1. Could you tell me whether region 211-223 includes any residue that is modelled with pLDDT of 90 or more, under 19 Å from the mean Cα position of the chain (by Cα), of a type in the set (A, V, I, L, M) and within 28 Å of L86 (Cβ to Cβ)?
2. When residues of region 183-220 are filtered for being loosely packed, with under 15 Cβ neighbours inside 10 Å and not hydroxyl-bearing (S, T, Y), how many remain?
3. What number of residues within region 126-136 are in a helix (DSSP H, G or I) and among the basic types (K, R)?
4. Go through (1) within 15 Å of E92 (Cα to Cα); (2) touching a residue at least 40 places away in the same chain (Cβ under 8 Å) one by one and return the number of the condition Q115 breaks.
5. Considering only residues of region 75-125 that are small (G, A, S), surrounded by fewer than 18 Cβ atoms within 10 Å (Cβ to Cβ) and not in a helix (DSSP H, G or I), which is modelled with the lowest pLDDT?
6. State which residue pairs qualify: first residue over 11 Å from F63 (Cα atoms) and inside region 94-111, second residue among the small types (G, A, S) and not in a helix (DSSP H, G or I) in any location, beta carbons under 7 Å apart, and separation of 6 or more residues or different chains.
7. Being touching a Cys at 6+ places or on another chain (Cβ under 9 Å) and hydroxyl-bearing (S, T, Y) is the filter here, so list the residues in region 157-205 that pass it.
8. Counting only residues that are assigned to a loop (DSSP other than H, G, I, E, B) and of a type in the set (K, R), how many does region 147-200 have?
Amino acid sequence: MRWNDPEHGLIDPAEFIPIAEDTGLIVPIGEWVLSTALRQNRAWQQQGRPLLPISVNLSARQFRQKDLVDNLRAILADTGQPARLLELEITETALMQDIEETQAKLQEISAMGVQLVIDDFGTGYSSLSYLKRFPVHKLKVDQAFVRDLTFDPDDAAIVTAIIALAKGLGLETLVEGVETREQLDVLLSLGCARFQGSLFARPLLPERAEEIFRPQLEPASRA
């Protein structure tokens, strides 16, 4: 998501999302993003693109809304998208607020068929015991552990541990923030299979869908 302001130009979400979160504007923005993303996925399907799930970040404030589940149902119905093609990414920190309410809401969303992903995993202060209680399907390894991966053995150890934990719990793992071929090679050697980052595609307009569905990697360098 980008804000193209006529006076200030392109504004990064790192600048305006925290303000939207503080003011409460993140709730209508989040609903608009969810609806827009699902409509775009339907448009791609109508163009003959493969049936792929689309992943949308859910802010902590949005997740706490009492009518969240009803809104999800309404947006899915309105956009004509099956719940199984929607992934909701929720940060580890957001999930650890009011555990009982969180668990009940996650179970209700999961029962709809929506996939649940813990975003920025490894950066919060959660109890691992809750992982077996929450009906989540995937862990996203935070990019903080990828940035220095090629020369910091501690980061490699953390990523290895998260992969092993996810595998033991029957969860998928996705590593975000992959920017170089060297990082990718290390992650592949650690057993990672799914990735996200500028190495594969930078933020693109929907019109450039070919680059999204068929990313082109630079060939690996040879010593």
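1. no
2. 22
3. Residues flagged as in a helix (DSSP H, G or I) and among the basic types (K, R) within region 126-136 amount to 1.
4. It is condition (1) that Q115 fails.
5. G124
6. What qualifies is M96/G124; M96/S126.
7. T173
8. Adding up the residues that qualify gives 2.
The values are calculated or read from the model by the stated rules, or taken from the named source; none is laboratory data. Values in this document were obtained by computation on a predicted structure and should not be read as measured data. As a convention, Cβ positions derive from the backbone with ideal geometry for all residues, glycine included, and neighbour counts pool all protein chains shown.
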